[in-house]
Amino acid sequence: MTLSFADLLLYAGALFVLFMTPGPVWLALGARALSGGFHAAWPLALGVVVGDVIWPFLAVLGVSWVVGTYGWVMEALRYVAALMFLFMGVMLIRNADKTITSDSRLTRPGKWAGFIAGLAVIFGNPKAILFYMGLLPGFFDLTAITGADIAAICAISAAVPLLGNLVMAAVIGKVRGAMTSAKALRRTNLVAGALMLCVAVIIPFA
């Protein structure tokens, strides 16, 4: 394994910042937990984690081939990752007051329905693989990673949002109130946006 603990820790921190950004999964988890408790929400979190493993795995394979063929792409993609975080941070801060909307199809009762809803959330956005293709080279040297490194990247990509979603489901009463409060939503977006800007500054020098 070639990746250092610091590399993995920085990547995990970036994923946590992304998790803290409100979105449809937040509301779907909130609605399911309010209607059926934690037992109704955890299957959705498991559905989401499937995509959280597959997307970065596919991205690593694709980007590794590209950088193996064109060496200069590695350095360029590092700055692409920084610019992505910079853009997301600025947009979050600019739109901190905007609310998020939910999809009623994600809140159908039943464990299987919850799992399928999680899959729908994560696979319904094919832009995710493009996101990971731009993100991963900012944290890791994809020309030198091993199978163990890829496993570690996928494990972290799955574990961080999964733990966050499970904790959110467990304390959904408070979290749901925060999501429906315009003031709290604005504060969350501002904090997440500021953290993304910090990550954008760190990546080029990591």
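No lab work stands behind these numbers, since they all come straight from the coordinates. Nothing here was measured: the structure is a model prediction, and the numbers come from that model. Virtual Cβ from ideal backbone geometry, glycine too; neighbours counted across all protein chains shown.
Express in nm, to one decimal, how much length is gained between T143 and C198 on full extension, taking 0.36 nm for each residue of separation and deducting their alpha carbon distance.
The span from T143 to C198 would gain 17.2 nm if fully extended.
So if each residue of separation counts as 0.36 nm, and I subtract the Cα-Cα distance between F38 and L9, what length gain in nm does that give?
7.6 nm
Just to verify a number: FRET efficiency for K183 and A155, C-beta to C-beta distance, R0 = 45 Å, to 0.05?
Between K183 and A155 the formula returns 0.80.
Step through the residues of the stretch 43-53 one at a time and calculate ³J(HN,Hα) from phi using the Karplus curve (6.51 cos²θ - 1.76 cosθ + 1.60, θ = phi - 60°), rounding each to whole Hz and writing x for Gly and Pro.
Rounded to whole hertz, the list is x, 5, 4, 5, x, 5, 5, 4, x, 5, 8.
If I model a spin label at L190 and V50 as a point 7 Å from the Cα along the Cα→Cβ vector, what separation in nanometres do I get?
Going by the 7 Å Cα→Cβ label model, 4.0 nm.
Provide the gained length on full extension for the span W112 to V167, in nm with one decimal, where the gain is 0.36 nm per separating residue minus the Cα-Cα distance.
17.8 nm
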